[in-house]
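*Asks:* Below: one structure in structure tokens.
The values are calculated or read from the model by the stated rules, or taken from the named source; none is laboratory data. Treat the numbers as computed from the prediction; the structure is a model and nothing was measured. Cβ atoms come from the backbone with ideal geometry, glycine included; neighbour counts cover every protein chain shown.
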Amino acid sequence: MAGPLGLRHRLILAIAAVALLVPAIFAISTYELSRNYLLSQRERTVQHQTFADADFVRRRLETADADISAVLTAAGTPADTTVVLRWQDRWYASSLDHGRETVPEALRTRISSGGAASQRIQTAAGPVLAVGVQIPSADAEFYELAPLTELEGILNVLSIVLIGGALLAAAAGAGLGAWASRAVVVPLNRVAGTAAAIAAGRLDSRLPDTRDPELATIVGSFNSMVDTLQQRINRDARLAADVSHELRSPLTTLVASVDLLNARRSELPPRSRQALDLVTADLDRFRRLLDDLLELARSDAGLDNDTEEPIEVDLLISHVLAEVGHGPELLTSGGPIRVRGDKARLGRLFRNLFENADRHGGGLISVTASRTDGDVVILVDDQGRGVPPPERERIFDRFATGRTGRGSSSGTGLGLALVAETAAAHQGAVWCTETPGGGARFVVRLPAEPA
């Protein structure tokens, strides 16, 4: 089923419809007026001719021994007009094409009371105007049948010209509608494109200035709104970054104190050791949460200061695997694959995915890197129970933890959010699918470095 028409197509159709309707009304009106005028003129001409010929025939019929053939010949009618005469209950005609059968009974009835009448009739030879006159003094009826074929041809030509003009006007209206709709839709497309860029995180996107007074207000209001939004986001992000930074000092003190207690763990009673383990675990989680928050805050505030450089993806993945305690045998690569980006941030992206597989997916089982159609694709597989389809987008939200039933829930809820932020910052993407064995598979797509 076809969807609704867009704004541009509706504008084109509306303008084309108006461009067709107005000439159509004009054409119909012109045709009807011309037709009525020409027919009335033709009818008056034939009536005048009929009256003159009827008077001539009357005078000839009132003479003794009138020769009907001579009377009809001398009537002076045009060559294409046929004369039909009823006299002394007999019918005469100047042409074999017409006779008594051509004269309609309705016309005879109308002139029977005296006077004259006319009627348009259709014959085998074409349309005909029949004009009848009663001649009471001679007990006769006089008719002239004038063809309307020439007039009908003129009207047909006129109708073709008017219809063609209406269609040309409609085509011109459609062209004008296409131009006008483009002038209307292009600014809307610019607004939509700029809004999409802002939604994708490019907060420096703005609408270009315009000289159109109607659009200038919209452009100014839109850019002002985005400026205000960017300032608010930057302010909030800087606040989060400052708070996270300020929390580092007391956290460092706490970690140092707990490390000191762990160094003398053997001197503590069992209950104190248990409490120390809980504090150590929570401090480690708090430290990771603070690091993730600081990273996200710096990203939101535009403080990353990314240093782009060519990166050997397989070497970077091998290095990160070693950092999280895995061997290089988990990596399958089709050869040297290069991307361009920030090495530290991409390393953190892979580390978060590997730690997520170990913590929530039952353990990392394989990493596959390949190049496909100008992109580098990295598959990170675990051996857990997978991620239910309804949760596969939500897990990339900030603080999305604990609803998938995948292993430990001790994560910060920011690791996968950082993965998505980093991939988007490198013009890439990340999504979650399922392995053939039922585990979770995270797919990272990054633009490949041109050869």
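*Asks:* Tell me, please, whether a residue that is surrounded by 15 or more Cβ atoms within 10 Å (Cβ to Cβ), under 30 Å from Val18 (Cα atoms) and either among the hydroxyl-bearing types (Ser, Thr, Tyr) or free of Cβ contacts under 8 Å to residues at least 40 places away in the same chain (or both) can be found in segment 212-226.
*Replies:* yes
*Asks:* Here is a list of conditions, (1) farther than 27 Å from Glu32 by Cβ; (2) of a type in the set (A, V, I, L, M); (3) at pLDDT below 85, and Ala116 meets all of them except one; can you say which number that is?
*Replies:* Among (1) farther than 27 Å from Glu32 by Cβ; (2) of a type in the set (A, V, I, L, M); (3) at pLDDT below 85, Ala116 violates only (1).
*Asks:* Taking the conditions exactly as written (outside the structural domain of Trp91 (by TED's automatic domain parsing), assigned to a helix (DSSP H, G or I) and in contact (Cβ under 8 Å) with a residue 24 or more places away in the chain), does Gly173 satisfy them or not?
*Replies:* Yes: the conditions hold for Gly173.
*Asks:* Please specify each residue of segment 122-134 satisfying the condition of being at pLDDT 85 or above and within 20 Å of Tyr92 (Cα to Cα).
*Replies:* Those that are at pLDDT 85 or above and within 20 Å of Tyr92 (Cα to Cα): Val128, Leu129, Ala130, Val131, Gly132, Val133, Gln134.
*Asks:* While we're here: Failed condition for Val71, given (1) modelled with pLDDT of 75 or more; (2) surrounded by 13 or more Cβ atoms within 10 Å (Cβ to Cβ), with all others met?
*Replies:* Failed condition: (1).
*Asks:* In segment 74-133, what count of residues is obtained for those that are among the acidic types (Asp, Glu) and touching a residue at least 60 places away in the same chain (Cβ under 8 Å)?
*Replies:* 1
*Asks:* Could you please find all residues in segment 181-198 being closer than 20 Å to Arg10 by Cα and without any contact (Cβ under 8 Å) to a residue 12 or more places away in the chain?
*Replies:* Scanning segment 181-198 gives Ala183, Val186, Asn189, Ala192.
*Asks:* Being farther than 30 Å from Val84 by Cβ, not assigned by TED's automatic domain parsing to the domain that holds Glu62 and not in a helix (DSSP H, G or I) narrows it down to one residue among Ser205, Ser224, Ser181; which is it?
*Replies:* Exactly one residue qualifies, and that residue is Ser205.
*Asks:* I'd like to check something: does segment 142-158 contain any residue that is surrounded by 19 or more Cβ atoms within 10 Å (Cβ to Cβ), under 30 Å from Pro104 (Cβ atoms) and hydroxyl-bearing (Ser, Thr, Tyr)?
*Replies:* Within segment 142-158, one or more residues are surrounded by 19 or more Cβ atoms within 10 Å (Cβ to Cβ), under 30 Å from Pro104 (Cβ atoms) and hydroxyl-bearing (Ser, Thr, Tyr).
*Asks:* From Arg206, Arg202, Arg190, grab the single residue that is exposed (fewer than 12 other Cβ atoms within 10 Å of the Cβ) and basic (Lys, Arg).
*Replies:* Of Arg206, Arg202, Arg190, the one residue that is exposed (fewer than 12 other Cβ atoms within 10 Å of the Cβ) and basic (Lys, Arg) is Arg202.
*Asks:* What tally of residues in segment 328-339 results from selecting those that are in a strand (DSSP E or B) and either at pLDDT 90 or above or more than 21 Å from Glu309 (Cα to Cα) (or both)?
*Replies:* 4
*Asks:* Related question: Those residues that are among the hydrophobic types (A, V, I, L, M, F, W, C), at pLDDT 70 or above and in a loop (DSSP other than H, G, I, E, B), I need them from segment 295-318; list them, please.
*Replies:* Listed by number, the list is empty, since nothing qualifies.
*Asks:* Shifting gears a bit: Here are the criteria: (1) assigned by TED's automatic domain parsing to the domain that holds Ala400; (2) in contact (Cβ under 8 Å) with a residue 40 or more places away in the chain. Tell me which single one Leu293 does not satisfy.
*Replies:* If we test Leu293 against (1) assigned by TED's automatic domain parsing to the domain that holds Ala400; (2) in contact (Cβ under 8 Å) with a residue 40 or more places away in the chain, just (1) comes out false.
*Asks:* For segment 255-273, enumerate the residues that are surrounded by fewer than 11 Cβ atoms within 10 Å (Cβ to Cβ) and more than 20 Å from Leu290 (Cβ to Cβ).
*Replies:* Leu260, Ala263, Arg264, Ser266, Glu267, Pro269, Pro270, Arg271
*Asks:* Go through Arg35, Arg42 for me and flag whichever is more than 30 Å from Ala178 (Cα to Cα), at pLDDT 80 or above, under 55 Å from the mean Cα position of the chain (by Cα) and crowded, with 16+ Cβ neighbours inside 10 Å.
*Replies:* That would be Arg35, the only listed residue that is more than 30 Å from Ala178 (Cα to Cα), at pLDDT 80 or above, under 55 Å from the mean Cα position of the chain (by Cα) and crowded, with 16+ Cβ neighbours inside 10 Å.
*Asks:* Can you give me the number of residues within segment 360-370 that are modelled with pLDDT under 90 and surrounded by fewer than 18 Cβ atoms within 10 Å (Cβ to Cβ)?
*Replies:* So the count comes out to 1.
*Asks:* Determine, yes or no, whether Gly374 is in contact (Cβ under 8 Å) with a residue 12 or more places away in the chain, surrounded by fewer than 19 Cβ atoms within 10 Å (Cβ to Cβ) and more than 25 Å from Glu323 (Cα to Cα).
*Replies:* Answer is yes for this residue.
*Asks:* I'm trying to understand the selection: among the residues of segment 340-382, which are in contact with a helix residue (DSSP H, G or I) (Cβ under 8 Å, 6 or more places away or on another chain) and assigned to a loop (DSSP other than H, G, I, E, B)?
*Replies:* Listed by number, the list holds a single entry, Gly363.
*Asks:* Now for a different question. Do we have Leu276 as part of a helix (DSSP H, G or I), modelled with pLDDT under 85 and either surrounded by 11 or more Cβ atoms within 10 Å (Cβ to Cβ) or at negative phi (or both) here?
*Replies:* Taking the combined requirement at face value, the residue satisfies it.
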